[in-house]
Amino acid sequence: MRSVLEPGTTTSLWLEIADREGLLLLVPNGYSPQREDGLGDRQTWNDLRDDDSGRTSLEDDSGFILAMLTDALTTRRYDRTRVFITGSSNGGMMAMRMLIEAPFDFSGSAAFIAALPEEPVVQITSAPPIMLLNGTEDPLVKFEGGIVSDGGAPTRSVLDTVDYWLRASGASRGNATNALLPNTVPSDDCIIAETQYPASAGTGTAVAYYEARGGGHSIPDPDPPVRDPAVIAALGPQCRDAHGIELAWEFFNRIADR
């Protein structure tokens, strides 16, 4: 759930996957409070944070996304048992909000470099499977929680966010499995740790958590696009040991095959 899918970015791989696999890909745009429109690529989502800075949308984005799904069902006739939602940063937070407010409308989710709000959020007790991926050196959505970026509404820590979803899904903590993904690019000073929490009923993974140790505010990518040095400095280091979008697609596939 980014505003645009620019060629050469990690998110643009969803276009390739959709073409390759015959998927219906819906790419909604957020809203810009400053410009008062949903055009361009500077939009935000109303992601549950209590933000009075004016930087985050106050629109009914949950209603918008659900209306979009209803419209697509009429025009495209997709399989309602295989609907997945994903996003990064503010978009990842919005994806989490949709699972909290409409858990039965989605089969699963993947949230990148995102965390839940610092303030209390209603604790749901039934949630579809979710994949989370965060960098320990993220300068914007901080691993330990706190103010987002430059004055944005704060989030709780990444581990507290993971804990919320474990409680929401009833995942089995005691049967979790841990692994390190192959360190294919040692020069990136990053390694990705994977923890899979099975569903209590033993029907696959309930929560998949990927911790990019040494990674910043970006989706892992073996061949990242060339970026301006100022952007790299602002986002922090990028892991190159896996492709985050492919990890999400594999996760969705496992859910769909159950």
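The values are calculated or read from the model by the stated rules, or taken from the named source; none is laboratory data. Here the structure is a predicted model, which is why all the values come from computation and not from measurement. Methodologically, a virtual Cβ is constructed for each residue, glycine included, from the backbone with ideal geometry; neighbour enumeration extends over all protein chains shown. Side chains are part of the model used for accessible areas, which takes the heavy atoms of the whole protein and leaves out ligands, DNA and RNA. Shrake-Rupley method; radii C 1.70, N 1.55, O 1.52, S 1.80 Å.
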Along Cα→Cβ, 7 Å out, is where each label goes; now give me the distance between the ones at R80 and V122 in nm to one decimal. 2.1
Quarter of Cα convex hull surface for the chain, i.e. mean projection, nm²: 13.4
1.4 Å probe accessible area per residue over the range 94-235, in Å²: 41
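Express in nm, to one decimal, how much length is gained between L58 and A193 on full extension, taking 0.36 nm for each residue of separation and deducting their alpha carbon distance.
Working: separation 135, 0.36 × 135 = 48.60 nm, distance 3.53 nm.
That works out to 45.1 nm of additional length.
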Using distinct alpha-carbon pairs, which all enter the 1/r mean, Kirkwood radius of the range 106-244 in Å: 15.6
Tell me the label-point distance for the pair T177, F104, using the 7 Å Cα-to-Cβ offset, in nm and rounded to one decimal. 3.2
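Percent of accessible area on the chain owned by carbon and sulfur, 1.4 Å probe? Write out the running numbers ahead of the final one.
Working: 6280 of 12120 Å².
Carbon and sulfur: 52 percent of the exposed surface of the chain.
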Once each part is reduced to its C-alpha centroid, what is the distance from the range 139-175 to the range 92-125 in angstrom? 11
Could you sort 143-154, 85-96, 174-185 so that the peptide with the highest average Cβ count within 10 Å comes first and the rest follow in order? 85-96, 143-154, 174-185
How far apart, in nanometres, would the label points at E36 and R258 be if each is projected 7 angstrom from Cα along the Cα-to-Cβ direction? 4.5
What is the packing order of peptides 110-116, 219-225, taking the mean over residues of other C-beta atoms within 10 Å and listing the highest first? 110-116, 219-225
So which trypsin sites (Lys or Arg not before Pro) in the range 32-127 end up in coil per DSSP with only 16 or fewer other C-beta atoms within 10 Å? R35, R42, R77, R80, R82
Point-charge dipole on Cβ atoms (K/R +1, D/E -1) for the chain, about Cα centre, debye to 20: 680
Kindly provide the GluC sites (Glu not before Pro) of the range 29-130 that DSSP labels as loop, not H, G, I, E or B, and whose Cβ sees at most 14 other Cβ atoms within 10 Å. E36
Under the helix-only model (-39500 (n - 2.57) for each DSSP H run of 4 or more, divided by the residues of the chain), the mean residue ellipticity at 222 nm, to 500 deg cm²/dmol, is -8000 deg cm²/dmol
